[in-house]
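Novice: This structure is in structure tokens; I'll ask about it shortly.
The values are calculated or read from the model by the stated rules, or taken from the named source; none is laboratory data. Worth saying up front: this structure is predicted, and the values here are computed from it rather than measured. Please note: Cβ atoms are built from the backbone with ideal geometry, for glycine as well, and neighbour counts cover all protein chains shown. The area values use the complete protein model at the heavy-atom level, side chains included, leaving out ligands, DNA and RNA. Shrake-Rupley method; radii C 1.70, N 1.55, O 1.52, S 1.80 Å.
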Amino acid sequence: KINFYHSIIFFLFSCFIALIVNRFENLIISPVVCLFLILSIGISHGALDNQKGKELSRLYKVQKIYFFYLIYSLIGASIIIFWLFFPTTSLILFLVVASYHFGKEDTEFLINNKDVSNLIIYFSKGALIIIAPLMFHFVETINIFKLLLIENEKFYLFLNFIEDNNILLFALSISLLSNIYYFLKDFKIINILIFFDFFSIIILNYFLTPLIAFTAYFCFLHSFRHSISLIIKLNENNLKSGAITFVKKAMPLTVLTAILYVISLYFLSNYYQLNDAILKVIFIGLASLTFPHILLEYLLEKNEK
């Protein structure tokens, strides 16, 4: 029920933002605002990974928790280093993994079974986050890729090919079919929220720039929904108490991550314009957080099975 009402509110929020932007054509939302939202609301949904790390350490009978922190940090740092040397490969891997991650975490609360077939459907559904900005703001999205150190001409020729041959429209149709599949599978009326989410993402990407559309989705749909699941785990009988506990537990890692982001931004701003530096910090930073976060979730699910 909470997710159902959340989807309706987010859909109305998306329509409102689109209306405001359409009404005030000169309205500019600074990338600084996007960075602030991602550093506060966005990354906080993964800020309980330290608690999950303690649980994972117990499962593997590792007594020293610092071992988890070391591995987690090394994976994140390795992603950044790998990106500097192999940016195109890193971006492709990030887009694939992120698509699966978004599709899974935005939908799995509706799924009763854990079939392997869900992996492909999760990816198809989550790929909308990548398809929509390419479809509605192709040039701007390409410019973001270039800022992320992507200089591979073959990669851009491939993107131009799929854009010129309506492959993006085909991919969008596949994503829509994935939503229809989840709507009909284990049918219940609450499944309709899948379409609210789908059209919210379409509206955001049609009217807003790729960065702002992604920020709105990442903070107010993806992160908020995942945070709801964490709050319920902390206290399913009293959501208010669970929310307070969640904020207290999430605060340390959220603040620490935000500090690391700001330090990185300060360093990069010496070499790039501020807005360009913000884009680099946001997306490469999210990649470095996403891979260890997903690996942690996978290991916990594997042990639960």
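Novice: In a shell of Cβ-Cβ distance under 14 Å around Thr254, excluding Thr254 itself, what net charge do Lys and Arg (+1) and Asp and Glu (-1) give?
Specialist: Around Thr254, the surrounding residues sum to +1.
Novice: Right, next: At 1.4 Å probe size, with the rest of the protein present, what percent of the exposed accessible area of the chain is carbon and sulfur atoms?
Specialist: 70
Novice: While we're looking at this one, here's another question. With only Lys, Arg, Asp and Glu charged, each at its Cβ (+1 for the first two, -1 for the last two), find how big the charge dipole of segment 152-217 is about the Cα centre; round to the nearest 20 debye.
Specialist: 220
Novice: Under Stokes-Einstein, with the Kirkwood radius over Cα pairs standing in for Rh, what whole-number D in µm²/s applies to segment 222-267 at 37 °C and 0.692 mPa s?
Specialist: Using the Kirkwood radius from Cα pairs, D works out to 281 µm²/s.
Novice: Pairs Lys146/Lys185; Lys1/Lys248; Lys64/Lys280; Lys233/Lys280: which are spaced more than 32 Å apart, C-alpha to C-alpha?
Specialist: Lys146/Lys185; Lys64/Lys280; Lys233/Lys280, as the Cα separations exceed 32 Å there.
Novice: Under the rule that an exposed site lies in a DSSP loop and has at most 13 other Cβ atoms within 10 Å, name the longest stretch of the chain with no GluC sites (Glu not before Pro) of that kind, not counting the sites themselves.
Specialist: 26-150
Novice: Apply the a/c threshold of 1.5 to the C-alpha gyration tensor of segment 77-141 and tell me whether it is rounded, prolate or oblate.
Specialist: Judged from the Cα gyration tensor, segment 77-141 comes out oblate (a/c at least 1.5, b/c at or above a/b).
Novice: Placing unit charges on C-beta atoms (Lys and Arg positive, Asp and Glu negative, everything else neutral), compute the dipole magnitude of the chain about its Cα centre in debye, rounded to 20.
Specialist: For this selection, approximately 1060 debye.
Novice: If the viscosity is 1.567 mPa s and the temperature 4 °C, what Stokes-Einstein diffusion coefficient in µm²/s follows for segment 1-98 when Rh is the Kirkwood radius over Cα pairs?
Specialist: This corresponds to a translational diffusion coefficient of 74 µm²/s.
Novice: Does segment 202-295 come out rounded, prolate or oblate by the C-alpha gyration tensor, with a ≥ b ≥ c the root eigenvalues, rounded set by a/c under 1.5 and, if not, prolate when a/b is larger than b/c and oblate if not?
Specialist: Oblate is the answer for segment 202-295, as a/c is 1.5 or above yet b/c matches or exceeds a/b.
Novice: What is segment 156-215 by shape, rounded, prolate or oblate, if you read a ≥ b ≥ c off the alpha carbon gyration tensor as root eigenvalues and call it rounded for a/c under 1.5, prolate for a/b larger than b/c, and oblate otherwise?
Specialist: Verdict is oblate for segment 156-215.
Novice: If you don't mind, another one. Across the Cα atoms of the chain, what radius of gyration and what greatest pairwise Cα-Cα distance (Dmax) are found, in Å?
Specialist: Every Cα atom of the chain included, Rg and Dmax give 19.2, 58 Å.
Novice: Taking only C-alpha pairs under 8 Å that are 6+ residues apart, what is the relative contact order of segment 165-305 in percent?
Specialist: 9
Novice: Just report the Cα centroid separation between segment 216-235 and segment 160-189, whole Å.
Specialist: 24
Novice: Take the Cα pairs of segment 94-232, get the Kirkwood Rh, then feed it into Stokes-Einstein at 10 °C and 1.306 mPa s and tell me D in µm²/s.
Specialist: 101
Novice: Charges at C-beta only: +1 for Lys and Arg, -1 for Asp and Glu. How large is the resulting dipole of segment 49-136 about its Cα centre, in Debye rounded to 20?
Specialist: For segment 49-136, the charge dipole is close to 360 debye.
Novice: I need to check one value: relative contact order of segment 52-137, counting alpha carbon pairs closer than 8 Å and at least 6 residues apart, in percent.
Specialist: 23
Novice: Further question on the same structure: For the chain, list the DSSP H helices whose alpha carbon atoms reach 24 Å or more along the long axis and whose average Kyte-Doolittle value is 0.0 or above?
Specialist: 2-23, 65-85, 87-105, 167-184, 239-268, 274-304
Novice: Now for a separate question. Compute the relative contact order of the chain as a whole-number percentage, counting only Cα pairs closer than 8 Å that sit 6 or more residues apart in sequence.
Specialist: 36
Novice: Could you derive backbone 3J(HN,Hα) for segment 24-39 from the dihedral phi with the Karplus parameters 6.51, -1.76 and 1.60 (θ = phi - 60°), listing whole Hz in sequence and x where the residue is Gly or Pro?
Specialist: For segment 24-39, the Karplus curve yields 10, 5, 8, 5, 10, 9, 5, x, 4, 5, 4, 4, 4, 5, 5, 6 Hz.
Novice: Determine the per residue accessible area of the chain with all protein chains present and a 1.4 angstrom probe, expressed in square angstrom.
Specialist: 54
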